[in-house]
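Q: The structure follows.
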Amino acid sequence: MQWKRLSLILAALLVIAGGGYYYWLSTKTPALPAGFAMSNGRIEAERIDVSAKMAGRISEVLVSEGDWVKAGQIIAHMDAAQIDAQLRAAKAAVLQAKQQKLQAEALSNQRISEQKYAQTEYERAEKLAANGHTSQEQLDRAQTTLNTAKAGVSAAAAGVDLASATIAAAEASLEQLQSLRDDMDLKAPHDGRVQYILAKAGEIVGAGGKVVTLTDLTDIYMTIFLPAADAGRLSIGAQARLVLDPIPEYVIPATVTFVASSAQFTPKSVETSDEREQLMFRVKLTIPPKLLAKYQEQAKAGVAGIGYVRVDDSAEWPETLQVKLPQ
């Protein structure tokens, strides 16, 4: 019985050891050749918050989480009843100002005609006075009438200018209100996928209140951290490769677009070389926009994986890290 018990225990240990060895083989990452470095990371994408410019009530949200939207597409409406009323009043003010200008122009034309008539009468009186056929009093009266007519023309011209200025002011007020009205229709500033709906129809948001968050799938990258020895050899534009956990059979090309100038996770000052070796620098690996456009529906943020970078430009990528994409 004791021997049988020992045999069972030994068999169990062998099974456990075999399972552990298999797990180690299945999870073991092949060693990288010289000239390369690697680190774990997670796919990230830039987020765009669509916010209300003015405080108000949301009347309608036109999208759902996960929807793909185009730049300029209306994704939500704010309640604009008050601004619509102000717009109607502003349009009426513009029409009124234009009518006032027409009246001012008609009056100006009338005053010009009166001036012409007064000028003719004065010239006639002047000739008659020169020949002794009329009195100086008649000539003075004609002169006064002409001066009055000229003053009327000047006043009428000023009225036309004032009417033009009134129109300009009314149109400027209309344009301002129209701009505010346009802002009540919340539009997507960029192509992207709706990630979060932060406010629902009927809710009141303040100025700058977020309503929808979009994910910009044209700017997807992985952030990794490399030790100082590797980060110091890395240059902007260096080639990189991404292998994601859900699709380990594919190798995605990327480019180094950022290397932090300061270290992470360690004190600001280090004294020994051993401590300096522990310094970690943030590195950003960006997927080419053209590639993202091709696989737009498959692109997702938050996926974990491994980022590989080439720190030596003369090194050749191993066979396992050659670019391989879904067909």
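Bear in mind these aren't lab numbers, they're just calculated from the coordinates by the rules spelled out. The structure displayed is predicted, hence computed values, not measured ones. Here Cβ is always computed from backbone atoms with ideal geometry, including for glycine, and neighbour counts include all displayed protein chains.
Q: Note down the relative contact order for the chain as a percent, whole number, built from C-alpha pairs under 8 angstrom at least six residues apart.
A: Relative contact order of the chain: 29 percent.
Q: Setting aside same-chain residues fewer than 8 positions from Lys324, which aspartates and glutamates have a Cα under 20 Å from its Cα?
A: Candidates past the 8-residue exclusion: Asp245, Glu249, Glu297, Glu316.
Q: Can you tell me, using C-alpha contacts under 8 Å and at least 6 residues apart, the relative contact order of the range 81-183 as a whole percent?
A: Relative CO of the range 81-183 lands at 50 percent.
Q: Quick one: what are the phi-derived ³J(HN,Hα) couplings along the range 293-308, Karplus 6.51/-1.76/1.60 with θ = phi - 60°, whole Hz, x for glycine and proline?
A: These are the phi-based 3J(HN,Hα) values: 5, 6, 10, 4, 6, 8, 5, 9, 9, x, 7, 7, x, 10, x, 10 Hz.
Q: Continuing with the same structure: List every residue whose amide H lies under 5 Å from the amide H of Glu44, counting only residues 5 or more places away in sequence or on a different chain, with H placed 1.01 Å from N in the peptide plane.
A: Amide H neighbours of Glu44: Tyr221, Met222, Thr223, Gly302.
Q: Quick one: dipole size for the chain, taken about the Cα centre, charges +1 on Lys/Arg Cβ and -1 on Asp/Glu Cβ, in debye to the nearest 20.
A: 660
Q: 5 Å is the cut-off here: which amide hydrogens, built 1.01 Å from N in the peptide plane, fall below it relative to Gly209, excluding neighbours closer than 5 in sequence?
A: Placed amide hydrogens put Ala52 under 5 Å from Gly209.
Q: Further question: Quick one: which residues, 5 or more positions from Tyr196 or on another chain, have an amide H under 5 Å from its amide H? H modelled 1.01 Å from N in the peptide plane, none for Pro or chain starts.
A: Thr213
Q: While we're looking at this one, here's another question. Can you tell which of Val94, Val153, Val212 shows the greatest fluctuation in a Gaussian network model of the chain with Cα springs below 10 Å?
A: Of Val94, Val153, Val212, the Gaussian network model singles out Val153 as fluctuating most.
Q: If you place +1 on the Cβ of every Lys and Arg and -1 on the Cβ of every Asp and Glu, how big does the dipole about the Cα centre of the range 81-183 come out, in debye to the nearest 20?
A: The calculated dipole for the range 81-183 is roughly 220 debye.
Q: Let me ask you something else. List, in the order given, every pair from Lys91/Lys116; Lys70/Lys91; Lys200/Lys284; Lys101/Lys150; Lys187/Lys300; Lys210/Lys300 whose Cα-Cα distance in the structure shown is over 30 Å.
A: Check vs 30 Å cut-off fails for Lys91/Lys116; Lys70/Lys91; Lys200/Lys284.
Q: Nothing charged except the Cβ atoms of Lys and Arg (+1) and of Asp and Glu (-1): what's the magnitude of the dipole of the range 161-247 about its Cα centre? Round to the nearest 20 debye.
A: 500
Q: Quote to one decimal, in nm, the extra length available between Glu319 and Ala165 on full extension: 0.36 nm per residue of separation minus the C-alpha distance between them.
A: 47.9 nm
Q: Starting from the Cα-Cα distance between Ile236 and Ala81, subtract it from 0.36 nm times their residue separation and give me the gain in nm to one decimal.
A: Gain in length upon complete extension: 50.6 nm.
Q: Further, regarding this structure: Cβ under 14 Å from Val256's Cβ, Val256 left aside: what net charge do those residues give with Lys, Arg +1 and Asp, Glu -1?
A: +2
Q: Let me ask something else about it. Only one of the values (1) -0.34, -0.45; (2) -0.18, -0.25; (3) -0.53, -0.62 was calculated from this structure for log10 I(q)/I(0) by the Debye sum over Cα atoms at q = 0.06, 0.07 Å⁻¹; name its label.
A: Evaluating log10 I(q)/I(0) by the Debye sum over Cα atoms at q = 0.06, 0.07 Å⁻¹ on these atoms matches (3).
Q: What's the longest uninterrupted piece of the chain once you rule out the GluC sites (Glu not before Pro) that are loop residues per DSSP with at most 16 other Cβ within 10 Å?
A: The longest uninterrupted stretch comes out as 66-202.
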